[in-house]
Amino acid sequence: MDDAERFDFDRQGYLVIRNLLSSAEVASLTSAVDALEEHALAHAPVQPRQAIVWGLVTRHDAQKGYHSQGEQAPRSTLVVEDFWNADDAFDVLVDHEPTMRFIRRAVQGRITINNSEVRYRYPGNCTQAHMGGPIGAKYRYAVNAQGIDCMMVRMVYFLHDVRCRDGAFSVVPGTHKSPFTPPARELPDDEPGMIGLEVGAGDAILFTENLRHGGLVNRSDRTRKTLHVGYGPSWLMSQNCSTMDQPQYLLPETLARYSDAQRALFQPVCEAEYAKGRERLEAVS
Ligand SMILES: O=C(O)CCC(=O)C(=O)O
């Protein structure tokens, strides 16, 4: 992230980053994402259920090491978390230098990955708008003497072109700084100030979790498939629905494949680091 990009990220709460992935990365990630969808749908009936946060019930696949929720149906979304364990094709996104150049200017202290999901958004589906305005300390956006100091940012990677009618990722620019609660609507498409961000294959969107965001209605007949990776200070721990506020769920064989730099992005927080982080969080609550 250069200074001009940092200015835009601070002003808007997001950045559209063109061609962050090479075409070879898009091709191999697309195959892995398609294979994972097929596996998750085929195995859903026999996977054990666990009730988790926000009333969502997730399924666990012990062999491939992922958690999933949702189904393939009109207006539905299938979300697969912890996809790192399922296929080594995803390793390229761990310590992905072009990505880390952006993350290091948005998050301070020791950075870890805290969220991983593939989203399969079937025709008719939307993602209700959430966040924006005064949402509390956990996901807050802030700036201090060292620069931008986000609690959580996400990078969304696009593997195919997405226009507004394909269910574009959408934002209300600037709401990461708003002192007022945004006026909610049933559909993200109807929220005041909401805009869809149109992208091409290989593009990515970085945003602060404090920003009001969602996904426009998918009015096409194509499933929208995206990869989402969250980052934050190490003490934030997992922000996946299936393992909320616990350590990240990485199988030993996944960690064994990684370089030291990749493993460091999943290194669990130690007690002292956690206590210091909570202190910082409480100081701004
Ligand atoms: O891509 C979408 O439809 C919304 C994604 C979202 O809400 C998120 O990544 O936090």
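The values are calculated or read from the model by the stated rules, or taken from the named source; none is laboratory data. No experiment lies behind these values; they were computed from the predicted model shown. Counting neighbours? That spans all protein chains shown, and the Cβs are built from the backbone with ideal geometry, glycine included. We work out accessible area using only protein heavy atoms, side chains counted, and drop any ligands, DNA or RNA first. Shrake-Rupley method; radii C 1.70, N 1.55, O 1.52, S 1.80 Å.
Table for the structure above
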quantity	calculated
Filter pass, residue 150 being open to solvent by less than 10 Å² (accessible area, probe 1.4 Å), within 15 Å of the ligand (Cβ to nearest atom), in a loop (DSSP other than H, G, I, E, B) and touching a residue at least 12 places away in the same chain (Cβ under 8 Å)	yes
Residue match in the range 193-206 (condition: farther than 19 Å from residue 169 by Cβ and in contact (Cβ under 8 Å) with a residue 24 or more places away in the chain)	no
Options 139, 157; residue that is farther than 14 Å from residue 210 by Cα and among the aromatic types (Phe, Trp, Tyr)	157
Meets criteria (assigned to a loop (DSSP other than H, G, I, E, B) and surrounded by 21 or more Cβ atoms within 10 Å (Cβ to Cβ)) for residue 175	yes
Flag if residue 76 is within 17 Å of the chain's Cα centre (by Cα) and among the small types (Gly, Ala, Ser)	no
Qualifying residue in the range 71-87 (condition: surrounded by 14 or more Cβ atoms within 10 Å (Cβ to Cβ), aliphatic (A, V, I, L, M) and more than 16 Å from the ligand (Cβ to nearest atom))	yes
Some residue of the range 92-102 being surrounded by 20 or more Cβ atoms within 10 Å (Cβ to Cβ), assigned to a strand (DSSP E or B), at pLDDT 95 or above and not hydrophobic (A, V, I, L, M, F, W, C)	no
Residue count for the range 132-147, restricted to those that are aliphatic (A, V, I, L, M) and either part of a strand (DSSP E or B) or surrounded by 23 or more Cβ atoms within 10 Å (Cβ to Cβ) (or both)	1
Residue ID - nearest to the ligand (Cβ to nearest atom), chosen from residues in the range 153-167 that are assigned to a loop (DSSP other than H, G, I, E, B) and buried (at least 23 other Cβ atoms within 10 Å of the Cβ)	167
Given (1) surrounded by 23 or more Cβ atoms within 10 Å (Cβ to Cβ); (2) more than 23 Å from residue 5 (Cα to Cα); (3) small (Gly, Ala, Ser), number of the condition residue 220 does not satisfy	(1)
Enumerated strands (runs of 3 or more DSSP E) restricted to the range 203-285, each holding at least 1 residues that are away from the ligand (no atom under 16 Å from the Cβ)	224-233
Unmet criterion (only one of (1) assigned to a strand (DSSP E or B); (2) surrounded by 15 or more Cβ atoms within 10 Å (Cβ to Cβ)) for residue 128	(2)
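Residue-by-condition table, conditions (1) open to solvent by 70 Å² or more (accessible area, probe 1.4 Å); (2) at pLDDT 95 or above; (3) more than 24 Å from residue 213 (Cα to Cα):
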site	(1), (2), (3)
6	yes, yes, no
12	no, yes, no
23	yes, yes, yes
38	yes, yes, yes
43	no, no, yes
48	yes, no, yes
